[in-house]
Amino acid sequence: MDALVKQRDSQLEQNDQLLGYNTNFRELMSWASEFLARMCSPELSKDLQEAMTIHSRHEQLKEEFHGREVEFANFEKFGQELLDQGHYMSDDIREKMSVLSQRKNTLSDFWQLRNRLYEQHMDYLRWLKEINDIEGWLQEKETDVKSEDYGNTFDELDKLMIKQLEMEEALLNKEEKIDEIKRITLIESEFKALQAKEEEARRADEERLESERLEAIKKKEKARKTRERRREDERRRTQEIVLPPNHAFSKE
């Protein structure tokens, strides 16, 4: 009896640890799903100022992510302690450690990818502004390009040559910048690829939640059947109790 009591005490203690562990897991996974949704919601902006604001908010998410590092580390440490103790739910604990670690790495990877794309997009918008400025300047110089004045004196010719060189240099810069238009196509392609990965992560999270829901139903059904079997066994044992035979009456 003493051994059974100690065994039950141990199981109760392990179950108490498991409940706390599972609570931490659900809280961190819930935060991770919400964090992923917030991180993936912004689209690429066509306005430089708005793009800079989106990037600034993305930087704030990094600070929030780092603020959770301790909780992730404590969760992994606690899980490892339970494994070292030989917890009876070691497989489940090990699986949750793996799932949370993968989700943490996914969030970090997606943050890095989005950050790089945001920075590239801001570079493009700055370049676009420069292009517009150059085009405005070229429009102002259009009258000089169409002019049929080739100078009547050496001084006038020198001034016209300087203007010509300025326009040629501006045109050269414009050609170099036009080549960079290809960058926006690349940025948009990478952004779409990233969104596809983010959507895949969201679907994986939904599938995990559905799997946990179904597993919980199975466990409840298994527990119900176990209780029914126990009650049936107890009822059967009760019915099989054999009363001791009646003693023969003593002869008078």
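Where a number appears in this text, it was derived from the coordinates with a stated rule and is not lab data. As the structure is a computational prediction, the values presented were derived from the model and not from experiment. So basically every Cβ, Gly included, is an ideal-geometry build from the backbone, and we count neighbours across all protein chains shown.
Structure summary
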| quantity | calculated |
| --- | --- |
| Hull shadow area, averaged, the stretch 34-158 [alpha-carbon convex hull, nm²] | 12.5 nm² |
| The stretch 26-97 - charge dipole about Cα centre, Lys and Arg +1 at Cβ, Asp and Glu -1, debye rounded to 20 | 140 debye |
| Backbone HN-Hα couplings from phi across the stretch 39-48 [Karplus 6.51/-1.76/1.60, Hz, Gly and Pro as x] | 5, 8, 6, x, 9, 5, 8, 8, 10, 4 |
| For residue 39, net neighbour charge (Lys/Arg +1, Asp/Glu -1) across residues whose Cβ lies under 15 Å away | 0 |
| Greater than 31 Å apart at Cα, pairs in 62/218; 192/220; 77/218 | 62/218; 192/220 |
